[in-house]
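**Q** Quick one: the structure is below, questions incoming.
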Amino acid sequence: MTRILGIESSCDESGVALIDEKRGLLAHALFSQVAEHAEYGGVVPELASRDHVRKLLPLVDQVLDEAGTKPEEIDAIAYTAGPGLVGALLVGAMLARGLGWSWGIPVLPVHHMEGHLLAPMLEEDPPEFPFIALLVSGGHTQLVRVEGLGDYELLGDSLDDAVGEAFDKTAKLLGLGYPGGPELAKLAEQGEGGRFSFPRPMTDRPGLDFSFSGLKTFALNTIKGVEGSMQDKADIALAFEQAVVETLMIKCRRALREYGATRLVVAGGVSANRHLRSALQTMVRKEGAQVFFPRMEFCTDNGAMIALAGLRHYKNGARGDAALIARPRWPLNELNT
Ligand code: KG4
Ligand code: ZN
């Protein structure tokens with residue numbers, strides 16, 4: 001009965017979780033630094049690192065306590081080794097290595113995006129391999145063909161801003177707080193459709209790559225042309241969100257058709273977006289396919305997805321080595337074995 005402790009610290013959330021091969025997730029805890037970074041309008045890397053130093057170990061204690069698990073009952077520790085902010089990554093890597101050394105157990109580096117990609121497998125009705133994955137976060141917009149654990153083919157990537165980044169930057173233009181994605185989505189609820197029409201970038205040509213920086217510029221120009229009332233802003237937020245959602249939907253449909261796939265997995269912070277979830281549900285139903293999402297709290301960064309990725313690799317025979325790994329940049333397909 002394998003038990004893995006997962007530690008996430010790639011950006012502004014400290015996440016810890018304990019997973020059991022048979023019983024599933026035993027406990028998980030998260031500390032979000034959002035409030036601290038909000039006054040600067042974005043993540044301040046040095047503050048993030050310092051906060052992980054303060055919060056991670058107490059979170060480990062809390063999770064072990066809640067799970068009623070002693071260190072002797074844990075088989076390995078998985079930590080996020082990248083991609084992410086190097087200082088933040090180093091804090092998690094050093095904690096994992098230190099605990100692994102003192103408890104005498106293996107320590108496994110995990111790729112953050114692989115964690116996101118596997119997150120829907122924490123749910124009741126988990127997706128089976130193979131599937132197409134849409135990874136939409138603050139740093140990534142990727143379509144990946146997933147044949148199995150560690151078998152990832154990158155089909156499409158962002159040429160400029162990641163979709164979460166486009167949400168955050170457009171939210172800032174609309175005068176909303178950080179992180180902008182959820183705030184913009186909330187404002188869009190008050191919006192009336194049909195007033196503005198944003199482009200659907202790169203949908204009129206073949207291929208699966210994305211470009212979202214133009215939408216942000218389009219938003220800026222649209223804002224300049226209105227008075228700036230709350231209703232104006234809500235209408236712009238809605239038009240922006242609709243353009244992003246439809247663009248992602250078109251690319252996912254194209255990927256499913258092109259590869260004859262019947263399963264779509266959507267993960268990363270932006271997969272929490274309700275309009276995106278319902279548009280993809282409608283699309284897969286028409287295509288005779290299925291879509292899988294993480295539960296809301298596991299769309300954004302968390303320790304549970306890292307513990308799960310660690311468990312899957314441990315069951316595959318991975319035992320790690322003595323290296324301390326922190327890779328700010330780390331292409332997902334480098335994981336392929
Ligand atoms: O996966 P994540 O927590 O961190 C990264 O790995 O980047 O994703 C964070 C991103 C942010 O850009 C945030 O604005 C966006 O996900 N996000 C959303 C929503 N919730 C989070 N974007 C749109 N709608 C949402 N409901
Ligand atoms: Zn993430």
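**Q** Tell me the relative contact order for the chain as a rounded percent, counting alpha carbon contacts under 8 Å between residues six or more apart.
**A** Over the chain, the number comes to 25 percent.
**Q** Next up: Antiparallel DSSP bridges in the chain: what percent, to the nearest 5?
**A** 60
**Q** Let me ask something else. Ignoring solvent entirely, what values of log10 I(q)/I(0) come out of the Debye formula for the stretch 295-337 at 0.14, 0.33 Å⁻¹ when each Cα is a single scatterer?
**A** For the stretch 295-337 at q = 0.14, 0.33 Å⁻¹, log10 I(q)/I(0) is -0.46, -1.12.
**Q** If I take every Cα pair under 8 Å that is 6 or more residues apart in the stretch 1-157, average their sequence separation and divide by the length, what percent do I get for the relative contact order?
**A** Once normalised by length, the contact order is 20 percent.
**Q** What share of Cα pairs, in percent, lie more than 14 angstrom apart in the stretch 67-144?
**A** 70
**Q** Follow-up question, since we're still on this one. So what is the orientation-averaged projected area of the stretch 1-79, using the convex hull of its C-alpha atoms, in nm²?
**A** Across all orientations, the stretch 1-79 yields a mean hull projection of 5.2 nm².
**Q** Now, a different point. Beyond 26 Å, how much of the Cα-Cα pair distribution for the stretch 118-277 remains, as a whole percent?
**A** 28
**Q** Bin by bin, in steps of 10 Å, what percent of the Cα pairs in the stretch 66-207 do you find, going until the bin that has the longest distance?
**A** 9, 25, 32, 23, 8, 3, 0
**Q** Please report Rg over Rh for the stretch 34-98, where both radii come from the alpha carbon positions and Rh follows the Kirkwood definition.
**A** Values: Rg = 13.8 Å, Rh = 13.2 Å.
A ratio of 1.04.
**Q** Here is a follow-up. Does anyone have the angle between helix 230-258 and the longest principal axis of the chain? Alpha-carbon axes, 0 to 90°, nearest 10?
**A** 70
**Q** Right, next: Give the whole-number value, in cubic angstrom per residue, of the convex hull volume spanned by the C-alpha atoms of the stretch 1-142.
**A** 117
**Q** Which value results when the Cα radius of gyration for the stretch 249-331 is divided by 2.2 N^0.38 Å?
**A** 1.38
**Q** Let me ask another. Take Ser211, project a point 7 Å from its Cα along the Cβ direction, then tell me which residues of the stretch 227-265 have their backbone nitrogen under 14 Å from it.
**A** none
**Q** Moving on. Over all pairs of distinct alpha carbons, what does the Kirkwood formula give as the hydrodynamic radius of the chain, in Å?
**A** 20.4
**Q** Can I ask one more? Just Pro127, Pro71, Pro83 to compare: in a GNM of the chain, with alpha carbon springs under 10 Å, which one fluctuates most?
**A** The residue that fluctuates most here is Pro71.
**Q** What are the ³J(HN,Hα) couplings of the stretch 259-265, residue after residue, when phi is run through the Karplus curve with 6.51, -1.76, 1.60 and θ = phi - 60°? Round to Hz, x for glycine and proline.
**A** These are the phi-based 3J(HN,Hα) values: 10, x, 8, 10, 10, 10, 10 Hz.
**Q** Does anyone have the angle between helix 45-67 and the longest principal axis of the chain? Alpha-carbon axes, 0 to 90°, nearest 10?
**A** With both axes taken from Cα atoms, the answer is about 60 degrees.
**Q** Okay, next question. Roughly how far apart, in whole Å, are the Cα centres of the stretch 309-329 and the stretch 199-260?
**A** 37
**Q** On to the next question. With angles folded into 0 to 90 degrees, how steeply does helix 213-224 sit against the dominant principal axis of the chain? Use alpha carbons for both and round to 10.
**A** 50
**Q** Lys pairs in the chain, Cα-Cα under 27 Å, at least 8 apart or on separate chains: how many?
**A** Close lysine pairs under the 27 Å cut-off: 23.
Computed from the coordinates by the stated procedures, all read-outs in this text should not be read as laboratory data. Just so you know, these numbers come straight off a predicted model, no measurement behind them. As a convention, Cβ positions derive from the backbone with ideal geometry for all residues, glycine included, and neighbour counts pool all protein chains shown.
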